[in-house]
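Visitor: Supplied in C-alpha cells, the structure appears directly below.
The values are calculated or read from the model by the stated rules, or taken from the named source; none is laboratory data. The shown structure was predicted, so the numbers you read here are calculated from the model rather than taken from an experiment. No Cβ is skipped: glycine too gets one built from the backbone with ideal geometry, and neighbour counts run over all protein chains shown. Note: areas computed on protein heavy atoms with side chains; ligands, DNA, RNA excluded. Shrake-Rupley method; radii C 1.70, N 1.55, O 1.52, S 1.80 Å.
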Amino acid sequence: MSLGIQLVVLGDGAKWIRNWFEALPIDNKAMILCWYHLAKRCKQELGSACHDKAHRLSIQGKLLTQLWAGKIQEAVDSLSALRGQMRNEDALDTLINYLENRRPYLPNYSKRSRAGLWIASNRVEKFNDWSVAARCKHKGMKWTAQGVAALASLEALSRNGELEVWRKTRTLRVFRFLCKP
C-alpha cells in the first residue's frame, strides 16, 4: 500500500550521502543533487580547466543552461568535445566524471522549479546553521556529537509543531514508507 509520500533527499553530491541514500530500504525515494552545489562545482572545475575567466564564462553559460534543462548527455557531450581546447584536461575529465557519477540525481531543474519543487538545499542548510549557532556556539561551550544531534532534534520537533506531543508522550508520529523487504 502506498501512502503517496515520497522521501526526497537534497544532497551536495558527496559520495557518502549517495551511498547512504542508495542503502535506504525505501521504495518511494528520490535524491536530487542541489543546484547550488552542482553549479558551484561546475564553475570550480571549469576555472581549473579553462585558460582564463573569459574562456570559462563562454563555456559555463552553455553548460549550466544544459544542466538546468536536464540535458545531461548533451552537457557531457559538449564538455567532451572541448578536449584539446583546455588548459587542464584533467580538470575537464574530473568535471565529466562528476556529472556521470551523479547522473541519476540530476533532474530537469527548470521543470522542478516551475512546479514549485525544491532544487537546492539552502533552506535545510540554513536551518542547520541557525539551530547549531543559536544553541551551541556560545563562549566556552563544548558539545559532543550526540549533544548537538539531540539539540537539533529538539529544534526540529519545535519547528514541526511536535515538541509538546513529544514532551507529553515521548513518542513521535510514525512516517510510513513503502519499504523493501
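Visitor: By per-residue mean of other Cβ atoms within 10 Å, what is the highest-first order of 100-110, 141-151, 157-167? Working shown, then result.
Guide: Numbers: 100-110: 16.1, 141-151: 10.8, 157-167: 12.5.
So the peptides 100-110, 141-151, 157-167, ranked by packing, come out 100-110, 157-167, 141-151.
Visitor: Read phi for every residue in the stretch 112-120 and hand back ³J(HN,Hα) as whole Hz from Karplus 6.51 cos²θ - 1.76 cosθ + 1.60, θ = phi - 60°, with x for Gly and Pro.
Guide: 5, 5, 5, 7, x, 8, 5, 10, 9
Visitor: Where nothing but the Cβ of Lys and Arg (+1) and of Asp and Glu (-1) is charged, how large is the charge dipole of the stretch 1-104 around its Cα centre, in debye to the nearest 20?
Guide: 260
Visitor: The stretch 1-83: Rg/Rh from Cα coordinates, Kirkwood Rh? Walk me through the numbers on the way to the answer.
Guide: Numbers: Rg = 16.2 Å, Rh = 14.7 Å.
Result for the stretch 1-83 is an Rg/Rh of 1.10.
Visitor: Cα-Cα over 29 Å: which of K43/K71; K29/K168; K40/K111; K29/K53; K29/K142? Can you show the working numbers first?
Guide: Working: K43/K71 18 Å; K29/K168 32 Å; K40/K111 20 Å; K29/K53 39 Å; K29/K142 36 Å.
Check vs 29 Å cut-off fails for K29/K168; K29/K53; K29/K142.
Visitor: Using the per-residue mean of other Cβ atoms lying within 10 Å as a proxy for protection, in what order, highest first, do the peptides 87-99, 34-46 fall?
Guide: 34-46, 87-99
Visitor: Skipping prolines and chain starts, which residues have an amide H placed within reach, meaning under 5 Å, of the one on L10, given they are 5 or more residues away or on another chain?
Guide: It is I32, by chain and number.
Visitor: Now a separate question. Using a probe of 1.4 angstrom, how much of the accessible area of the stretch 16-101 is carbon and sulfur, in percent? Write down the numbers at each step before the final one.
Guide: Working: 2240 of 4410 Å².
Here it works out to 51 percent.
Visitor: Also, I was wondering about something else. Mind checking the full-extension length gain between A145 and E100? Use 0.36 nm per residue of separation minus the Cα-Cα distance, one decimal, nm.
Guide: 12.8 nm is the gain from fully extending A145 to E100.
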